[in-house]
Amino acid sequence: MIINIPRGTKDILPGETEKWHAIEELIRDTCRLFQYKEIRTPIFEHTELFTRGVGDTTDIVQKEMYTFTDRGDRSLTLRPEGTASVVRSYVENKLFGLPNQPVKLYYMGPMFRYERQQAGRFRQFFQFGVEAIGSNDPSIDAEIIALAMNVYKKAGLKKIKLVINSLGDTESRIAHRNALIDHFSPAISQFCSDCQNRLLKNPLRILDCKVDRENELMAKAPKLPDFLNAESAAYFKKVKHYLDILNIKYEVDPNLVRGLDYYNHTAFEIMSEGKGFGAISTLAGGGRYNGLVEDLGGPEVPGGIGFAMSIERLLLALEAEGEIIETTDSLDVYVVAMGEAAKDKAVSFVSLLRQNNITAEMDFLDRKVKAQMKSADRLNAKFSVVIGDNELESGIVSLKYLANGKQQDLTFEKIIEDFTEIASRAMEELA
RNA sequence: GCGGGCGUGGCGAAGUGGUUAACGCAUCGGAUUGUGAUUCCGACAUUCGGGGGUUCAAUUCCCCUCGUUCGCCCCA
């Protein structure tokens, strides 16, 4: 009886991991350019962090959390998203006291949500996220968005779209919320059961409903932008202004509502427009969360803003666009051995090559020369070397350049000494 | 939580109510006793996710189950 991988999870195997490395490297480089520093928080937290931070009316908290009780009878939850943990750490470690504010952080790691799997959706998925905490300057909103767009651009994505909206401050949101309740209440019975539940808890999310999208009340619903107070409207205008300066195109979608409770002011999503991407097109989402630090027991500080993107979806989107990720993994020398004595030599020679930073491989199945050569070919080795009795006696081996089959007789020592030169000369000859 | 598709060798994939379960790739051996393309020859599923039923007979029909995948809600 073999044991299978849990539903909704995935093994990332060689051939695929190289792509992940490339993406991760690109992300770290970008964060360095933008001066965001990595933070690593635990993969599980007290359940309360998420119910309080993310909000208990959200889908995440209501039906998607991996919650368990540990041996000390504590309720813990595998993190469904990153922001709550980062803000918790910010408060707990008093990062608000650091001399340089805002505090600019990034994280990468697995997140967990109990959902049915489909294309681009997993129970364990990998997010890269960024948070800038401690500034209410709209230019940092734009910087955060720019960082995300930058990653996508560098990865090679072309068909992406930035959608933004402003949820406004608390005052604006309450005004809008009341208007929504007044608008939908009289006819709420004709809406789906989800929406009926949303009416009082979080009427904003009715606008997000796909089931009742066609209902005529939807189109006539009070629009958030009409309820933004002067301050909120000015803030949003500034964000757009900075995006313009950065030459980042965007589409304002007044119906864009993020699924987490802590958002206010700027909200945005980056979507893929690539064909064959599946039903889910959101690559990244984020927004501003003024007040979250206080909600989680921190002092009154300027607000924060951040986003999270899924690495799986980035890879999917790249594939949909036919983009190939360049990976650098090459084999310099494949050492073929014939017989016991030659194998001894092969073991030591391979080791010596590696000590000299030359990637080397050999056969571990005692196969025939032909089979070993075939391996060399399939592994895409640059060179092969065959060691047999003759070579052991003379100390001279034929170094074969597999691209054109040319061989040259050299001592073992010479190969090590001049490898870089030999390789570049062989490559030139080919060209 | 709800709805659809699929489950045949390491992988991809045909197929039919009845004893030969195609083919392709990969792998291994040989033609070539020490050299990778190609070519040729040969080997490679007592078995068609699991359980039950119908039948003289089931991989093929029915039921259940498990797995997987896509979609809905919602999101990354």
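The values are calculated or read from the model by the stated rules, or taken from the named source; none is laboratory data. Everything quoted here is computed from the prediction, not taken from an experiment. Here the Cβ is made from the backbone with ideal geometry for all residues, glycine too, and neighbour counts use every protein chain on show.
Against the criterion of being within 9 Å of RNA strand B (Cβ to nearest atom), basic (Lys, Arg) and touching a residue at least 24 places away in the same chain (Cβ under 8 Å), residue A:258 qualifies. Within the range A:375-392, does at least one residue satisfy the condition of being touching a helix residue (DSSP H, G or I) at 6+ places or on another chain (Cβ under 6 Å), among the polar types (S, T, N, Q) and more than 8 Å from RNA strand B (Cβ to nearest atom)? Taking every residue of the range A:375-392 in turn, none turns out to be touching a helix residue (DSSP H, G or I) at 6+ places or on another chain (Cβ under 6 Å), among the polar types (S, T, N, Q) and more than 8 Å from RNA strand B (Cβ to nearest atom). Say whether the condition of being part of a helix (DSSP H, G or I) and more than 30 Å from residue A:283 (Cβ to Cβ) is met by at least one residue in the range A:380-389. Yes; the residues of the range A:380-389 include at least one that is part of a helix (DSSP H, G or I) and more than 30 Å from residue A:283 (Cβ to Cβ). At least 3 residues being more than 9 Å from RNA strand B (Cβ to nearest atom) is the threshold, and among the strands (runs of 3 or more DSSP E) wholly inside the range A:270-340 those reaching it are A:304-310, A:331-337.
Against the list (1) in contact with a helix residue (DSSP H, G or I) (Cβ under 9 Å, 6 or more places away or on another chain); (2) more than 8 Å from RNA strand B (Cβ to nearest atom); (3) not assigned by TED's automatic domain parsing to the domain that holds residue A:125, the condition residue A:365 fails is (2). Search the range A:1-36 for residues being within 16 Å of RNA strand B (Cβ to nearest atom) and basic (Lys, Arg), and hand back the single one that is farthest from residue A:106 (Cα to Cα). Once the filter is applied, the top-ranked residue is A:7. Restricting attention to the range A:111-159 and to residues that are within 16 Å of RNA strand B (Cβ to nearest atom) and among the small types (Gly, Ala, Ser), the residue that is surrounded by the fewest Cβ atoms within 10 Å (Cβ to Cβ) turns out to be A:119. Flag: residue A:241 does not match the condition of being more than 10 Å from RNA strand B (Cβ to nearest atom) and either outside the structural domain of residue A:103 (by TED's automatic domain parsing) or assigned to a strand (DSSP E or B) (or both).
Tell me which residues, restricted to the range A:403-428, are free of Cβ contacts under 8 Å to residues at least 40 places away in the same chain and either at positive phi or touching a Phe, Trp or Tyr at 6+ places or on another chain (Cβ under 7 Å) (or both). If the condition is that a residue be free of Cβ contacts under 8 Å to residues at least 40 places away in the same chain and either at positive phi or touching a Phe, Trp or Tyr at 6+ places or on another chain (Cβ under 7 Å) (or both), then A:405 is the only one that fits.
Looking at residue A:151, is it assigned by TED's automatic domain parsing to the domain that holds residue A:43, of a type outside the set (S, T, N, Q) and not in a strand (DSSP E or B)? In short, yes.
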